[in-house]
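**Student:** One structure, pasted below without further comment.
Bear in mind these aren't lab numbers, they're just calculated from the coordinates by the rules spelled out. The model shown is predicted, which means the values in this text are computed figures rather than measured ones. Note that we place each Cβ from the backbone using ideal geometry, even for glycine, and neighbour counts take in every protein chain shown.
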């Protein structure tokens, strides 16, 4: 499954932390360090498996843990329409 | 049944005029010049039973683009130079060439006008590099400290507590605009518990203090990202346009970066005010 950032979303990065604003719901979302890394990778069109590999490399954690966290993170972003499924 | 001019609540009209006078004061410095006069001209309306028709004369230096009205979800009919705007119980036309307009409002229309002015002020603040922010404002040493927060967060309580010690320039909405020294803060006369103000401000922004009601007093400095997110949540932002969302973030970043920001817990009594006053002296 691949995702793309909602083209309506406005996002910025401060000191490595990303935050995003959806003009329609006027709610601002702030990501954690890991969330910011994942967001950066999604922005670069990384696939789910590529994101997992990158997070495992950078944070030295089990792949299963990353997979679980990533699924929850992406599910939340899709529910909030910050991310859109593209395939 | 159409009502007569005498039936109109004159206090409401005074409030409308006060708001436009405020806009002139606050925004004239930054090249916009909005002048509106209410004319005692009554005419029955086509769409509503109880309506007053006022003529509003608007002159612009730079003009407000029609895209703004579209962005604010107004229903806009475009007939060459004449635009018709419909919003709630407010119907208005603007002739961009002659720079004249008319607005029809119901007897309850002061609410619509208030909303309209909020939109205009929000938009003008954003395009000028500033923001219209839900916040109370107090003056200390010629600097304005704002207390951003949503409804029921305690802005009015804080303003009430501070009134004996400081000058309060607002307890509901503040306009923050760029100035030579950084940013300046203006109070606003929008509908609220103290909707007509004698002091509109123009004071240099000194600090941003987010606040939470509590049993005890505590204050701590916060980092840039936390300040930014808390701040953005209180910027009035009516458009669903990405362009204006970008302006909200861009301006908010610059504003929060220009001064220190704090989170304060406060009880509903005056015992902590001296300690807070001293803290401000030390931190600023």
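**Student:** From the residues in segment B:213-271 that are more than 14 Å from every other protein chain (Cβ to nearest Cβ) and within 22 Å of the chain's Cα centre (by Cα), which one is surrounded by the most Cβ atoms within 10 Å (Cβ to Cβ)?
**Tutor:** Among those residues, the one meeting the criterion is B:259.
**Student:** Please count how many residues of segment A:20-40 are farther than 17 Å from residue A:84 by Cα, at the interface with chain B (Cβ under 8 Å from one of its Cβ atoms) and touching a helix residue (DSSP H, G or I) at 6+ places or on another chain (Cβ under 7 Å).
**Tutor:** Residues flagged as farther than 17 Å from residue A:84 by Cα, at the interface with chain B (Cβ under 8 Å from one of its Cβ atoms) and touching a helix residue (DSSP H, G or I) at 6+ places or on another chain (Cβ under 7 Å) within segment A:20-40 amount to 2.
**Student:** Considering only segment A:1-12, state which residues are exposed (fewer than 14 other Cβ atoms within 10 Å of the Cβ) and within 14 Å of chain B (Cβ to nearest Cβ).
**Tutor:** Hit for segment A:1-12 is A:7, nothing else.
**Student:** Give the number of residues within segment B:136-148 that are crowded, with 18+ Cβ neighbours inside 10 Å and on the phi > 0 side of the Ramachandran plot.
**Tutor:** 0
**Student:** Provide a single number: the residues in segment B:120-165 that are farther than 20 Å from residue B:204 by Cβ, assigned to a loop (DSSP other than H, G, I, E, B) and touching a helix residue (DSSP H, G or I) at 6+ places or on another chain (Cβ under 8 Å).
**Tutor:** Count: 1.
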